[in-house]
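Undergrad: Have a look at the structure that comes next, please.
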Amino acid sequence: MNDLFRENILEHHRHPRCHGTLADPDVTFEDANPLCGDRIRMEFRIRDGVLEAVRFSGQGCSISQAAASMLCEHVEGRPLEEIRTIGRDDVLDLLGIELGPVRLKCALLPLKTLKAGIWGLNQWPDEEEGAS
Amino acid sequence: MNATRATGGGTGTAPPPARTAFDPRVVRAAFPIFSTPRPLPLVYLDSAATAQKPQSVLDAMDRYYRTCNANIHRGVYAIAEQATAAYEDARRLVATFVGAASPREIVFTRNSTEAINLVAHAWARANVAAGDAIVLTPMEHHSNLVPWHIFAAERAIELRFIPLTGSGELAIEALPGLLADGRARLVSFVHVSNVLGTVNPAAEIGRIAHERGARVLVDASQSAAHLPLDVRALDADFVAFTGHKMLGPTGIGALWGRRELLEAMPPFLGGGEMIREVSLTASKWNELPWKFEAGTMPIAEAVGLGAAIEFLERLGMDQVFAHDRALAAYALERLPEVDGLRVLGPPADRRGGVVAFTLDGVHPHDVATVLDADGVCVRAGHHCAMPLHEELGVPASARASFHCYSFREEIDALVAGLHRARRLFPR
C-alpha cells in the first residue's frame, strides 16, 4: 500500500498541473464521489476538435487529485477523438499503481468528469469497459 | 420440550473470560482474527463499523448448523424443535440484555436500519399524518435520516432538528421549542454518535418528548454494543440495535418496542410466519413478536447474537464501557501531538469509544492508506453521516473506534502512523 504514495503521485498532489480555472471555458463540469467526498471541477476550451485548454480544481485524496493533474496534462492539446479512447487502464498507467475497488473510484473520478463534461457520458469508466 | 441449547458459550471452546478479570489481552485471546497469521499484527480500530467475533459466537453458529439446522416454528420433529428453542432462547437473551419487560417486545430484524424502517413503515404510517412533524438531529447516521426522508416526502411531514453545540453535543434546551406546537409525533435520535462519540442524554430527551406527547425512537447501534443499556430507563418507545457491532454476526439486529405500541401496529413485511390465518383474499396477523418476522429469519445469526450477548454479559457492560472510555481518553490525550490534527466531538467524559479526527491538508483516505501500511485499520469518509460532516464544515474525517479487545498500545501505533502521514504530506 505504500506504493500508493509513490513520488510521482505525491509530486502531482503537491504541485498539480493544469490546476485552476479558464477565463473563457466552453464547457464547465463538476462531479463528485459521494462515498468519499472527492470533488473535481473541470473547465474545457475546445477549438476545431482539439482540447485546447483544460483546468481542474476540487478537493479530495491524493489519488484523485494526482489523477486529475496527470490526466489534464496528458489530454491538453490533443484531438477529442483521441481523448475519447482513454480508459481505465490508461489512467492507471499514468498513475503507475494498482488499486482496489474503493480507491479505483478515486483514480477514475477525473476521467469520469472529463467524459461527462465533453460528451455527456455519465458512467464510471470501468463500467464502460465492462470491468468493475 | 427436550431442546438442546445451541446458544451460549457454556459448551463451546474458549469460554469468555470471567467477570472479575477485565484484561483486554485476555479478552483478545478469545477472538481468533487476532491470532490469524498475517504479515503485520492486526491493529483493528474500526469496531464502530463492525466488531470482531469471539470464538464462542463462531462455535454457537457452527454448532447450530451441525446439530439442529431446521426451519423454526414449523416442523414438529426433534431438530426443528431444537432450532426453534435456540432461536427463541436468543430472543430471551436479547430481552434480558436490554431490560425488556418481555421477549415479546423483541422483534428480530436484519440490523438497526431495518428496525428503524419497521417503525417508519408500520408505526409512522398509522400514527403520523400530513402536517405533523418528526424531530431528528444533525448527528444521525443515514439509517435514521433516509427512512424519514422517504416517509416525509410521501406524507408532507415536516422534519425538525435539535441543533448541535460547538462541542458536538445536542442543544436539548431547544427541544421543548421544537415540540411546542404539538405537531411533533416522534423524536428519533442516536444514543451514541458513530462519528462524534457523543453519548446523548437519552432519558432526558425521552422525558421531554413524552411530556409533550411525542413518541421516542432511540438508535442504539453504537450504545447496545458498548454500554449497559436499559430500554425502560431510557424512557423510549422504540430502540433499534444491530448484532454485528455487539460481537455477533452480520444479518441480525433487533427492534425493542413497547408492547402496547407493537400490538397496535400493522405488520411491516408480509409473508410466511407473520400470519395466523390466510385465505385467498385476506390474512390475520400472528401475535407478537412474530407478526413482524416475515419469512425465514436468520436463525444461525440469532443464535450467534445470543452467544455474543452471553460473552458481553460475562465481561460486564459497565466494564466494557469504562474500558472504551479510558481508551477514548487516552486517544484524546495522544492525538493532538500530531501537527494539524483536530479531534471532532466532546471531551472523553461525555463520549464512548469513538474518536473521529481530521489532519489538516491530508484527505482522510490518504490518512487511512498510510495507516493501513502499518496494519492499522481506521475508517475514512463520512461514516454514513454526510449532514453531520456538512455541519462540522469538513468533507470527511478519519475515525478510530474501540471495543473490549482494544488496548492502549494500538493507539500508540495509530499516533505513530499519523506522524508518518504528516511527514509524507507536510503542511
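Undergrad: Against the condition farther than 30 Å from residue B:401 by Cα, among the aromatic types (Phe, Trp, Tyr) and at pLDDT 95 or above, how does residue B:151 come out, does it pass? Don't jump to the end; show me each part of the working.
TA: Working: farther than 30 Å from residue B:401 by Cα: yes; among the aromatic types (Phe, Trp, Tyr): yes; at pLDDT 95 or above: yes.
The answer is yes for residue B:151.
Undergrad: Still on this model: Restrict the check to the range B:83-93 and report whether at least one residue is within 17 Å of residue B:225 (Cβ to Cβ), at pLDDT 95 or above and out of contact with any strand residue (DSSP E or B) (no Cβ under 9 Å at 6 or more places or on another chain).
TA: First pass over the range B:83-93, keeping only residues within 17 Å of residue B:225 (Cβ to Cβ): B:90, B:93.
Cutting the leftovers down to at pLDDT 95 or above gives us B:90, B:93.
Filter once more, keeping what is out of contact with any strand residue (DSSP E or B) (no Cβ under 9 Å at 6 or more places or on another chain): B:93.
Yes, the range B:83-93 contains at least one residue that is within 17 Å of residue B:225 (Cβ to Cβ), at pLDDT 95 or above and out of contact with any strand residue (DSSP E or B) (no Cβ under 9 Å at 6 or more places or on another chain).
Undergrad: Can you tell me how many residues in the range B:342-381 are assigned to a strand (DSSP E or B), more than 18 Å from residue B:422 (Cα to Cα) and away from every other protein chain (no Cβ under 12 Å)? Walk me through it before giving the result.
TA: Step one: of the range B:342-381, the residues assigned to a strand (DSSP E or B) are B:342-344, B:351, B:354-359, B:362, B:376-377, B:379-381.
Among the residues that remain, those that are also more than 18 Å from residue B:422 (Cα to Cα) are: B:344, B:351, B:354-355, B:381.
If we keep only those that are away from every other protein chain (no Cβ under 12 Å) as well, we get B:344, B:351, B:354-355.
Qualifying residue count, the range B:342-381: 4.
Undergrad: Another one. How many residues are of a type outside the set (Asp, Glu) and in a helix (DSSP H, G or I) when one looks only at the range B:60-88? Break it down into steps so the answer makes sense when it comes.
TA: So in the range B:60-88, the residues of a type outside the set (Asp, Glu) come out as B:60-61, B:63-80, B:82-87.
Those left that are additionally in a helix (DSSP H, G or I): B:60-61, B:63-67, B:78-80, B:82-87.
Count: 16.
Undergrad: Residues of the range B:314-366 being basic (Lys, Arg) and buried (at least 23 other Cβ atoms within 10 Å of the Cβ), which ones?
TA: Filtering the range B:314-366 for residues basic (Lys, Arg) gives B:314, B:325, B:334, B:342, B:350-351.
If the condition is that a residue be basic (Lys, Arg) and buried (at least 23 other Cβ atoms within 10 Å of the Cβ), then B:351 is the only one that fits.
Undergrad: Being surrounded by 14 or more Cβ atoms within 10 Å (Cβ to Cβ) and in a helix (DSSP H, G or I) is the filter here; which residues of the range B:177-195 pass it? Full working, then the answer.
TA: Going through the range B:177-195, the residues surrounded by 14 or more Cβ atoms within 10 Å (Cβ to Cβ) turn out to be B:178-179, B:183-195.
Selection gives B:178, B:179.
Undergrad: Next up: Testing residue A:100 on (1) surrounded by fewer than 21 Cβ atoms within 10 Å (Cβ to Cβ); (2) within 14 Å of chain B (Cβ to nearest Cβ); (3) touching a Gly at 6+ places or on another chain (Cβ under 7 Å), one condition comes back false. Which one is that?
TA: Exception for residue A:100: condition (3).
Undergrad: Would you check which residues across the range A:63-97 are touching a residue at least 24 places away in the same chain (Cβ under 8 Å), part of a loop (DSSP other than H, G, I, E, B) and either in contact with a strand residue (DSSP E or B) (Cβ under 8 Å, 6 or more places away or on another chain) or away from chain B (no Cβ under 13 Å) (or both) and list them?
TA: Those that are touching a residue at least 24 places away in the same chain (Cβ under 8 Å), part of a loop (DSSP other than H, G, I, E, B) and either in contact with a strand residue (DSSP E or B) (Cβ under 8 Å, 6 or more places away or on another chain) or away from chain B (no Cβ under 13 Å) (or both): A:76, A:77, A:78, A:84, A:86, A:87, A:96.
Undergrad: If you don't mind, there's one more thing I want to ask. Restricting to the range A:1-27, what's the tally of residues that are of a type in the set (Asp, Glu) and either within 14 Å of chain B (Cβ to nearest Cβ) or closer than 27 Å to residue B:369 by Cβ (or both)? Can you show your working first?
TA: Of the residues in the range A:1-27, the ones of a type in the set (Asp, Glu) are A:3, A:7, A:11, A:24, A:26.
Restricting the remaining residues to those that are either within 14 Å of chain B (Cβ to nearest Cβ) or closer than 27 Å to residue B:369 by Cβ (or both) gives A:3, A:7, A:11.
Result for the range A:1-27: 3.
Undergrad: Also, quick follow-up: Checking residue A:54 against (1) of a type outside the set (D, E, K, R); (2) farther than 19 Å from residue A:11 by Cβ; (3) surrounded by fewer than 22 Cβ atoms within 10 Å (Cβ to Cβ), which test does it fail?
TA: Exception for residue A:54: condition (3).
Undergrad: Also, quick follow-up: Kindly indicate whether residue A:10 is aliphatic (A, V, I, L, M) and either closer than 16 Å to residue B:365 by Cβ or without any contact (Cβ under 8 Å) to a residue 24 or more places away in the chain (or both). Give the steps one after another, and end with the answer.
TA: Numbers: aliphatic (A, V, I, L, M): yes; either closer than 16 Å to residue B:365 by Cβ or without any contact (Cβ under 8 Å) to a residue 24 or more places away in the chain (or both): yes.
For residue A:10, the condition - aliphatic (A, V, I, L, M) and either closer than 16 Å to residue B:365 by Cβ or without any contact (Cβ under 8 Å) to a residue 24 or more places away in the chain (or both) - is met.
Undergrad: Also: Of all residues in the range B:51-87, count the ones that are surrounded by 18 or more Cβ atoms within 10 Å (Cβ to Cβ), in contact with an Asp or Glu (Cβ under 8 Å, 6 or more places away or on another chain) and small (Gly, Ala, Ser).
TA: Residues in the range B:51-87 being surrounded by 18 or more Cβ atoms within 10 Å (Cβ to Cβ), in contact with an Asp or Glu (Cβ under 8 Å, 6 or more places away or on another chain) and small (Gly, Ala, Ser): 1 in total.
Undergrad: In the range B:114-136, which residues are on the phi < 0 side of the Ramachandran plot, free of Cβ contacts under 8 Å to residues at least 60 places away in the same chain and not hydrophobic (A, V, I, L, M, F, W, C)?
TA: At the first step, the residues of the range B:114-136 found to be on the phi < 0 side of the Ramachandran plot are B:114-130, B:132-136.
Narrowing further to those that are free of Cβ contacts under 8 Å to residues at least 60 places away in the same chain: B:120, B:128-130, B:132-134, B:136.
Listed by number, the list holds a single entry, B:132.
Undergrad: Of these, A:43, A:30, which one is under 30 Å from residue B:390 (Cα atoms), of a type in the set (D, E, K, R), away from every other protein chain (no Cβ under 13 Å) and out of contact with any Pro (no Cβ under 8 Å at 6 or more places or on another chain)? Step through it out loud before you land on a result.
TA: Numbers: A:43 fails: out of contact with any Pro (no Cβ under 8 Å at 6 or more places or on another chain).
Unique residue meeting the criteria: A:30.
Undergrad: With respect to residue B:90, determine if the residue is assigned by TED's automatic domain parsing to the domain that holds residue B:239 and surrounded by 22 or more Cβ atoms within 10 Å (Cβ to Cβ). Before the answer, list the steps.
TA: On the way: assigned by TED's automatic domain parsing to the domain that holds residue B:239: yes; surrounded by 22 or more Cβ atoms within 10 Å (Cβ to Cβ): yes.
When the stated conditions are applied, residue B:90 passes them.
Undergrad: Please name all residue pairs, on different chains or six or more residues apart, with Cβ atoms under 6 Å, provided the first residue is in the range B:402-421 and is under 12 Å from residue B:377 (Cβ atoms) and the second residue is surrounded by fewer than 18 Cβ atoms within 10 Å (Cβ to Cβ).
TA: Taking only residues 6 or more apart or on different chains, the pairs are B:417/B:374.
Undergrad: Within the range B:247-303, take every residue that is of a type in the set (Phe, Trp, Tyr) and within 14 Å of residue B:109 (Cα to Cα) and give me the one that is surrounded by the fewest Cβ atoms within 10 Å (Cβ to Cβ). Walk me through how you get there before you give the answer.
TA: Step one: list which residues in the range B:247-303 are of a type in the set (Phe, Trp, Tyr), which gives B:256, B:268, B:285, B:290, B:292.
With the extra rule that they be within 14 Å of residue B:109 (Cα to Cα), the set shrinks to B:256, B:268, B:290, B:292.
Working: B:256: 29, B:268: 23, B:290: 20, B:292: 24.
Checked the range B:247-303; the qualifying residue surrounded by the fewest Cβ atoms within 10 Å (Cβ to Cβ) is B:290.
Undergrad: Report, by residue number, each residue of the range B:203-225 that is surrounded by 24 or more Cβ atoms within 10 Å (Cβ to Cβ), touching a strand residue (DSSP E or B) at 6+ places or on another chain (Cβ under 7 Å) and outside any strand (DSSP E or B).
TA: B:205, B:209, B:214, B:220, B:221, B:222, B:223, B:224
Undergrad: Right, another one. Based on this model, can you work out whether residue A:95 counts as farther than 30 Å from residue B:384 by Cα and surrounded by 14 or more Cβ atoms within 10 Å (Cβ to Cβ)? If you could, list the steps in order and put the result at the bottom.
TA: Numbers: farther than 30 Å from residue B:384 by Cα: no; surrounded by 14 or more Cβ atoms within 10 Å (Cβ to Cβ): yes.
No.
Undergrad: Which residue pairs have Cβ atoms closer than 8 Å, lie 6 or more positions apart in sequence or on different chains, and pair a first residue in the range B:33-45 that is over 23 Å from residue B:399 (Cα atoms) with a second residue that is assigned to a loop (DSSP other than H, G, I, E, B) and among the aliphatic types (A, V, I, L, M)?
TA: B:35/B:29; B:36/B:42
Undergrad: Same structure again: Among the residues of the range A:46-58 satisfying the criterion of being under 20 Å from residue A:122 (Cα atoms) and in contact with a helix residue (DSSP H, G or I) (Cβ under 8 Å, 6 or more places away or on another chain), which is nearest to the other protein chains (Cβ to nearest Cβ)? Can you show your working first?
TA: We begin by selecting, within the range A:46-58, every residue under 20 Å from residue A:122 (Cα atoms); these are A:46, A:51, A:54-58.
Now narrow it down to the ones that are in contact with a helix residue (DSSP H, G or I) (Cβ under 8 Å, 6 or more places away or on another chain): A:46, A:51, A:54-56, A:58.
Working: A:46: 30, A:51: 27, A:54: 22, A:55: 21, A:56: 16, A:58: 10 Å.
So the residue we want is A:58.
Undergrad: Right, another one. Report whether or not residue B:402 is more than 13 Å from chain A (Cβ to nearest Cβ), surrounded by fewer than 21 Cβ atoms within 10 Å (Cβ to Cβ) and not aliphatic (A, V, I, L, M). Please lay out each step first, then the result.
TA: Values: more than 13 Å from chain A (Cβ to nearest Cβ): yes; surrounded by fewer than 21 Cβ atoms within 10 Å (Cβ to Cβ): no; not aliphatic (A, V, I, L, M): yes.
Considered against the rule, which asks whether it is more than 13 Å from chain A (Cβ to nearest Cβ), surrounded by fewer than 21 Cβ atoms within 10 Å (Cβ to Cβ) and not aliphatic (A, V, I, L, M), residue B:402 comes out as no.
Undergrad: Could you check how many residues of the range B:141-176 are buried (at least 18 other Cβ atoms within 10 Å of the Cβ) and assigned to a loop (DSSP other than H, G, I, E, B)?
TA: 6
The values are calculated or read from the model by the stated rules, or taken from the named source; none is laboratory data. Small disclaimer: the values here were computed from a predicted structure and weren't measured. No Cβ is skipped: glycine too gets one built from the backbone with ideal geometry, and neighbour counts run over all protein chains shown.
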